[in-house]
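Here is the structure we will look at.
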Amino acid sequence: MKLILLGAPGAGKGTQAEVICNKLNIPAVSTGNIIREALSKGTEMGLKAKSYIDAGQLVPDDVVIGIIKDRLGKDDCSNGFILDGFPRTIPQAEALDAMGIDIDRVIDIEVPDEKIIARMSGRRVCKSCGATYHTEYKAPAMDGVCDVCDAELIQRKDDHPDTVLERLEVYHKQTEPLKDYYSAKGILRVVEGQEDVADTTALTLKALED
Ligand code: ADP
Ligand code: ZN
């Protein structure tokens, strides 16, 4: 199964990608994670991406398309994959088509902007192991400290309130048109994001079947 998870930043694509990945035993491919990893390693690509990410802008199409070509060419993707955070623009979707990749389903997770803003402003991530938390919905046992490894929890620079607004604007302008793109192909399914992650998962799994 070749899947795309679509949705605003903070809609919960990453969480759902992990669940489906375990359930269907196909890899979750997150361009955001790949870029952040490159960034933390200080590679050339990472350095190039940093200014865009920090400003809440998209990394240029040619960079992310290159990343995806590399990643989807690996053996573990031969039985399918879940794309989380790609494509995010029409040219990216066209590049996927040009690679001859036939997507089976596109799940669009819908969450209203107000909820996205509340969610992202509370999001925290462990500096050391990358575990994610939320000050309200998924608080660590001790304030500001990772449950897993005791390291400090920080707020991603792109989760700061001003950047979140910018990312939402970018989403509506550049990514949302993908809904029509995939709807026209008959493979789009819309899932309303729920308060409870497990409820969203149930809806997502159901949307994979019909
Ligand atoms: P989100 O919380 O928005 O799902 P991600 O972790 O997917 O965030 O991505 C973080 C940042 O990485 C984005 O704001 C963007 O700058 C960059 N990025 C990730 N995927 C893409 C993509 N497909 N095209 C362009 N930029 C991307
Ligand atoms: Zn940790």
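Quick notes
- The single condition among (1) under 22 Å from Val19 (Cα atoms); (2) in a loop (DSSP other than H, G, I, E, B); (3) hydrophobic (A, V, I, L, M, F, W, C) that Ile109 does not meet is (2).
- One residue from Val190, Val164 being away from ligand 1 (no atom under 16 Å from the Cβ) and outside any loop (DSSP other than H, G, I, E, B): Val190
- Ser30 touching a Gly at 6+ places or on another chain (Cβ under 8 Å) and within 16 Å of ligand 2 (Cβ to nearest atom): no
- Residue, nearest to ligand 1 (Cβ to nearest atom), within the range 109-122, restricted to residues that are charged (D, E, K, R) and farther than 15 Å from Val197 by Cα: Asp113
- Residue, nearest to Glu209 (Cα to Cα), within the range 1-51, restricted to residues that are in a helix (DSSP H, G or I) and among the hydroxyl-bearing types (Ser, Thr, Tyr): Thr15
- Residue match in the range 51-64 (condition: away from ligand 2 (no atom under 16 Å from the Cβ), farther than 16 Å from Lys157 by Cα and of a type in the set (Phe, Trp, Tyr)): no
Residue-wise test of (1) among the polar types (S, T, N, Q); (2) on the phi > 0 side of the Ramachandran plot; (3) buried (at least 20 other Cβ atoms within 10 Å of the Cβ).
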residue	(1), (2), (3)
Ala17	no, no, yes
Ile20	no, no, yes
Ile26	no, no, no
Asn33	yes, no, no
Glu44	no, no, no
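- Boolean, Asp158 is closer than 23 Å to Leu203 by Cα, among the acidic types (Asp, Glu) and within 19 Å of the chain's Cα centre (by Cα): no
- Residue that is surrounded by the fewest Cβ atoms within 10 Å (Cβ to Cβ), among those in the range 85-106 that are part of a helix (DSSP H, G or I) and free of Cβ contacts under 8 Å to residues at least 12 places away in the same chain: Ala98
- When each of Cys129, Cys149 is tested for being at pLDDT below 95, loosely packed, with under 15 Cβ neighbours inside 10 Å and either within 14 Å of ligand 2 (Cβ to nearest atom) or more than 23 Å from Asp54 (Cα to Cα) (or both), the lone residue that passes is Cys129.
- Restricting Asp70, Asp104 to those that are farther than 15 Å from Gly32 by Cβ, at pLDDT below 95 and of a type in the set (Asp, Glu) reduces the list to Asp70.
- Within the range 146-158, tally of residues that are without any contact (Cβ under 8 Å) to a residue 60 or more places away in the chain and either of a type in the set (S, T, N, Q) or within 13 Å of ligand 1 (Cβ to nearest atom) (or both): 2
The values are calculated or read from the model by the stated rules, or taken from the named source; none is laboratory data. Please read these numbers as outputs of a predicted model, since none were measured by experiment. So basically every Cβ, Gly included, is an ideal-geometry build from the backbone, and we count neighbours across all protein chains shown.
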